[in-house]
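The values are calculated or read from the model by the stated rules, or taken from the named source; none is laboratory data. Since the structure is predicted, the reported quantities are computational estimates derived from the model, not experimental observations. Neighbour counts are summed over all protein chains in view; Cβ atoms, including those assigned to glycine, are modelled from backbone coordinates with ideal geometry.
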Amino acid sequence: MMKKVLLLALAVATCGLANAQQTIEIPQKFKGLPSSDKVEFGGGGFSKQGGGVNGWFDPEEFIRNNSTGPFENYVSLMFPDSTVVNVNSDNERNYVFSHAFGHLYDLRHDNWAAVPSDPNNPILTFGQRDSYTWDSVGFLYLYRRNNPDVNVVDTCYISFYKNSEASNITRGSVIFGNGDTMLYATVDGLNQNSLSGATPFMTKTVLLTAADTTTLGANGWGSGAMVEHVGTTISGTTGAAISRNPASWFAYTVTFKPGHAWSPEDTIESRGFVKPAKGVNYFGYRYVSLTSGLPATLRSRNFADNSLILWSITRYGQTTNNGWSGFMPGTAFNSPMYVNAQVRVSGNSTVNVKEVEDLGFSLGKAFPNPVANGQILSIDYGVKTAGNVTIEIYDLLGKKVSTVLNNEKVEAGDHTASVVAEFNPGIYFYTLKSGDTVIGSKKFTVTR
């Protein structure tokens, strides 16, 4: 495994509001190349340290744990423009269509509880506490040198976006074929020269040499090279448990520039065994694609946590693709794409379930889960001493749909609250409060 260590600072982001947009079809010939089996970053998941939580979060792990698939691993090759040609394993020649990638993270997303240090005592989502820091990101890459000039040095650019210094994030909704929607966010605008968003607050460079090349293995491209970014921590705060909070977002994008000149019709040779006469050096990224559309369990109307993809159809200002422009969220495609990317997070105030119970409260399971529309839903909770509690139910938009208990005084001990689940099919959250303090929130699903 090859590794580059960079000094990169991370940050949070603001947002604007965009209209809902339709997903777009990916032509089969533009699918990525087959990739090797899942490659571990070696981050080790989350760990409890000093009363907080520290560790790496990997969106792919959440996807694999919360979806039955089908999904496949791919690598997508990218180049600064579409004048060069890629020759694939079927000897088909197509102009390069991918130019940059990245990811946008929402600290408040319930996905963040998907990689606990102890499955029997999971860490609560960061959105339920009030402080956090980011300090590193990492992604799997592919890098090939097909240019005869072996001494050339290529460059990878990593740009970051946050809520100050004119950096912006755009928010909107993706509409799926069945009419369902999902919140997304993407970097605002596009700089045609750098192929970054319009206003990154910081851009770092990585120099690539022959020592950084990756290989074509027996199971496909993407043999496990990793770029790791380590930098100064940037702190932030979160708000109430169930609400959209753009202040907890940050994004990064990755672009590539070869150190040699190139001409139209020069070749990206992705078959691995042919050396083209007029070849170019190129970069790529690894991603997992859900081949039959995004499962309902992965759709979120309340949180934005998605990959960012810059394709020719949006780079060159075409307006025929349902209005998309610039970096599209990976969920914009009919076969959703999630870049293999990790981020390292520290949450100084984050607590786990046992620590909440030690404070005098516990929020148990909702059952049955899933629950059918019109069926009785029961929610277990407990209090160490007599006191007033509130239990509320929210949809994925953050709208309160039911109050199960309204500041009711209960005796010490374990209790069960019940409500008729007269809600539309979908994912909901039940939240336990003491006064204005959110104790915990968990998820349940309503079926027809």
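Against the definition (in contact (Cβ under 8 Å) with a residue 40 or more places away in the chain and out of contact with any strand residue (DSSP E or B) (no Cβ under 7 Å at 6 or more places or on another chain)), how does residue 398 come out, yes or no? If you could, list the steps in order and put the result at the bottom.
Numbers: in contact (Cβ under 8 Å) with a residue 40 or more places away in the chain: yes; out of contact with any strand residue (DSSP E or B) (no Cβ under 7 Å at 6 or more places or on another chain): yes.
For residue 398, the condition - in contact (Cβ under 8 Å) with a residue 40 or more places away in the chain and out of contact with any strand residue (DSSP E or B) (no Cβ under 7 Å at 6 or more places or on another chain) - is met.
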(Q) Considering only segment 189-202, I want to know if a residue exists there that is over 16 Å from residue 253 (Cα atoms), surrounded by fewer than 20 Cβ atoms within 10 Å (Cβ to Cβ) and either acidic (Asp, Glu) or at pLDDT 85 or above (or both). (A) no
(Q) Please return the ranges of strands (runs of 3 or more DSSP E) entirely within segment 80-167 where 3 or more residues are at pLDDT below 85. (A) 132-144
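Residue under question is residue 358, and the condition is that it be at pLDDT 80 or above, among the acidic types (Asp, Glu) and at negative phi; does it hold? Lay out the reasoning, then the answer.
Working: at pLDDT 80 or above: no; among the acidic types (Asp, Glu): yes; at negative phi: yes.
In short, no.
So if I check each of 303, 273, which one is modelled with pLDDT under 85 and under 21 Å from the mean Cα position of the chain (by Cα)? Before you say what the answer is, go through the steps one by one.
Numbers: 273 fails: under 21 Å from the mean Cα position of the chain (by Cα).
Matching residue, one of 303, 273: 303.
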**Q.** Number of positions in segment 358-395 that are free of Cβ contacts under 8 Å to residues at least 60 places away in the same chain and among the charged types (D, E, K, R)
**A.** 4
Q: Mind listing whichever residues of segment 175-190 are touching a strand residue (DSSP E or B) at 6+ places or on another chain (Cβ under 7 Å), of a type outside the set (Val, Ile, Thr) and farther than 11 Å from residue 22 by Cα?
A: 183, 184, 185, 188
Q. Which condition breaks for residue 219 when tested against (1) over 20 Å from the mean Cα position of the chain (by Cα); (2) surrounded by fewer than 22 Cβ atoms within 10 Å (Cβ to Cβ); (3) at pLDDT 85 or above?
A. (3)
**Q.** Residue, surrounded by the fewest Cβ atoms within 10 Å (Cβ to Cβ), within segment 420-448, restricted to residues that are touching a Phe, Trp or Tyr at 6+ places or on another chain (Cβ under 9 Å) and over 16 Å from residue 362 (Cα atoms)
**A.** 445
